[in-house]
Amino acid sequence: MVLGFSDARLTELFNNTDEALLEFAERAESNAVQGRFFEAMGEIRTKRPVIEDMFHDLVSSGFDDFGQGSRDAIASGDSDGGDTDELTLVNETEMDESVALENMIARARNAYFQQLYALGQRLAVVNAGRKVHETAIPSGPYHLATSFQAAIRDSNIDIKVKLILFALFEKYLLKQAKSVYDEFNDSLKEAGILPNLKPAYHRANGRPVSDSAAEPAGTGDSDTENYTAASEENLGEELFNSILRLMAARRGAGPGGAESRVHQNPVPAKPVSTAALVSAIDSIQPDGSVVYEPTQGGPAQILDTAVDQDFLDGIRDTLSAQRARLFSEVDRGQLKAADADMIDLIGMLFEYMLNDPVLPNVAKALISHLHTPYLKVAIVDRRLLTDHVHPARLLLDDLVEAGREWVHEQDLKRGIYPAMQQVVDRVLKGFSDNVGLFDELLTDFRLAIEEPKRKTEVIERRAQEAAKGREKLHAAKQRAAREMKPRVGQGCVPPVVAEFLTQTWSDKLVFILLRHPDGELSKDWKDALRTAEELVWLFEPKAAIAERQEMVRLLPPLRESIKAGLDSLGSLRKDHCNALLRLLEDPESLWAETQTLTQASDASNSRNVPPAQSPPRVLAPERKKTPAARESDCEGPTPPVTEPGQAHPTPEEEAMIKRLREVEFGTWFEFTSTDQQSPRRLKLSWLNPPTSTCMFVDRSHVNASAKSLQLLAHELVEGTAMMIEQEKAPFVERILKAIRRMLQGEAGKPS
């Protein structure tokens with residue numbers, strides 16, 4: 001059924017490929033780019049039968065693999081994350097392809113969430129009760145998309161053409177796949193597999209919850225998910241009203257008391273009308289506040305100005321001046337209490353935004369342009385600060401969170417900053433009193449967020465994998481060194497042998513640890529150690545004829561073992577091993593070398609001093625060890641990071657280490673140093689529990705720093721680092737709670 005559907009849709013895809021590529025060729029920016037589109041059209045026509053056959057085979061093999069149970073690792077979810085055996089560099093072309101593929105899969109997964117959830121549950125029954133991960137569902141979005149990616153991989157086409165093919169694949173196949181998943185589920189139901197499965201719904205955290213799994217209120221996690229929109233709104237009203245009561249108490253409620261003024265909502269004798277207040281807000285809108293203007297026939301010019309603390313202080317003064325000017329335009333004494341409170345609250349909201357320790361200064365400067373429009377929104381629609389799903393409130397939440405994550409101050413053309421500018425510009429130009437504009441802006445901005453979000457997730461995940469790979473490589477090198485060091489040091493081996501064991505053969509051990517699934521338990525590992533021991537034994541003191549005969553017998557298989565080990569390493573250090581292999585080819589020369597070493601060792605022992613001409617026991621004189629070198633002598637793999645000066649953490653650092661182990665990934669830290677003009681903010685991305693190594697990423701979400709927990713704790717205690725702790729709530733809710741805490745603190749102080 002799936003093959004019949006996919007073959008037909010793939011035919012339609014290729015029938016429309018020429019038209020799509022021709023349209024892009026006509027809009028190409030140069031003849032060279034246009035030529036690549038025409039070349040791609042010919043290449044695709046030639047390779048079409050091969051692509052169709054390969055796609056057909058890959059889809060079919062996906063079902064075969066599932067039926068044979070060879071996808072158990074994926075089915076159990078082990079494919080997510082995990083260590084990597086090797087490090088690879090990913091170029092921009094591969095990144096663009098990967099991001100486009102993940103976006104396509106994510107959209108299909110969201111569109112067919114119900115059907116895929118049901119398929120996963122039913123296929124788990126087929127799979128002997130083992131959970132089936134979404135990537136293992138035959139004909140699922142991941143299976144179909146990656147099969148198409150593999151089918152076109154060997155085609156000699158430009159990345160732009162590949163992205164167009166992905167878009168066509170999504171249009172003609174993935175977007176039409178609902179009927180396939182419905183029919184798939186129907187077939188399983190007819191076979192008696194979970195015929196009465198209840199539908200599933202999205203949780204707030206993106207995980208499914210089914211009707212059948214719902215718990216009674218108050219019995220577990222589900223009661224927090226079963227809150228209705230009305231109850232959420234009630235919580236917002238409660239928070240907002242408590243702030244109003246505190247504000248009334250702060251300014252003095254008069255003879256009637258604070259509670260009386262809030263609940264009776266007193267109105268002045270000649271209150272300022274809403275229309276008059278909105279008109280006054282319009283009058284204080286600064287001229288020329290549009291963020292950027294498109295040039296004639298060209299792209300928009302992006303503001304690229306450094307924003308320092310003095311500039312932010314100027315913005316604060318400007319926003320305060322705007323509100324002061326507003327109160328001069330209307331008589332504050334004639335304002336309704338609710339209107340005056342709204343104006344004050346919006347002012348505090350933007351003041352807190354300017355104080356956000358993570359939001360880049362340039363993003364603060366940009367969002368501050370929304371101050372007067374949001375004053376108007378608050379007056380026109382009072383639900384702004386009570387309704388958690390108000391579109392203008394959600395838009396402000398998203399602008400702040402996106403600015404925290406995806407604004408690159410050194411290159412504003414990257415990331416989400418241009419999309420943020422477009423939103424601000426449209427608000428300044430288009431908002432009068434129709435709050436419905438924010439629905440459209442919210443939809444467009446959330447679409448714009450998807451690309452940097454997916455891209456940074458891929459970059460950060462690969463940075464984590466690279467860090468895990470480096471630690472695995474470092475641990476393997478330490479393990480190999482611990483095996484080779486005592487073998488080289490236990491006898492007087494020639495320099496050529498010491499060099500071979502400590503370098504080339506150590507690489508062989510590292511290779512086994514990284515690539516062999518059984519690692520130290522494997523036969524390869526044991527054989528490699530036996531080879532090292534036999535090589536060292538050749539140069540131990542010998543006198544008996546039987547030992548000489550044993551040495552002669554051992555040489556041929558030992559040479560073959562070494563050659564086989566070198567072959568598995570490829571050309572790595574192979575040229576440096578020729579001297580050793582030549583030595584092992586001549587038993588007489590080897591015996592003479594052994595006797596020389598024996599005599600030198602005996603003479604040294606009799607005089608209790610090192611022999612003048614005896615070969616060195618180590619490759620080079622031992623140097624003064626660095627902290628990293630001292631770590632390599634210790635048992636157990638430890639990360640290659642700088643430790644603080646003291647050997648053991650202080651009690652304060654011990655307490656800080658314990659606290660850091662509970663810190664959530666995604667927490668921001670600020671680091672200062674004498675060689676930096678301004679503090680550096682990095683986000684905790686990953687912690688390796690065995691080695692206690694923290695990985696931090698910068699705003700580009702690339703690996704920026706690695707520190708041990710001890711070093712991080714030391715910096716926090718010393719004050720050269722600071723953890724930026726914030727609530728997980730959305731921006732507006734977080735700030736309203738902060739305002740309430742501030743007002744409560746003021747209310748508790750003596751007059």
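Heavy-atom accessible surface of segment 476-515, averaged per residue, reaches 36 Å², computed with a 1.4 Å probe. Can you give the local net charge around Leu119? Use residues other than it whose beta-carbon is closer than 13 angstrom to its beta-carbon, Lys and Arg +1, Asp and Glu -1. Overall, the nearby charge balance is +1.
Protein heavy-atom accessible surface, 1.4 Å probe, per residue over segment 100-166: 37 Å². Expressed as a whole percent, the accessible surface of segment 311-414 that belongs to carbon and sulfur atoms is 49, based on a 1.4 Å probe. Take Lys523: with every protein chain present and a 1.4 Å probe, its accessible area is about 140 Å².
Under the combined filter of DSSP loop state and at most 12 neighbouring Cβ atoms within 10 Å, segment 364-431 retains these trypsin sites (Lys or Arg not before Pro): Lys413. The listed peptides 313-322, 171-180, ordered by packing as a protection proxy, come out as 171-180, 313-322 (highest mean of other Cβ atoms within 10 Å first). For Tyr352, the solvent-accessible surface computed with a 1.4 Å probe is close to 70 Å², ligands and nucleic acids excluded. Over 29 Å between Cα atoms, which of Lys455/Lys658; Lys47/Lys131; Lys178/Lys455; Lys468/Lys523 qualify? Pairs exceeding 29 Å: Lys455/Lys658; Lys47/Lys131. Give the shape of segment 307-399 as rounded, prolate or oblate, defined through the alpha-carbon gyration tensor: a ≥ b ≥ c are the square roots of its eigenvalues, a/c under 1.5 means rounded, and otherwise the shape is prolate if a/b is larger than b/c and oblate if not. In terms of gyration-tensor shape, oblate.
The values are calculated or read from the model by the stated rules, or taken from the named source; none is laboratory data. Keep in mind it's a predicted model, so treat the numbers as computed, not measured. For neighbour counting, all protein chains shown are included, and Cβ atoms are generated from backbone atoms with ideal geometry for every residue, glycine included. Accessible surface is based on the protein model in full, side chains and every heavy atom, while ligands, DNA and RNA are left aside. Shrake-Rupley method; radii C 1.70, N 1.55, O 1.52, S 1.80 Å.
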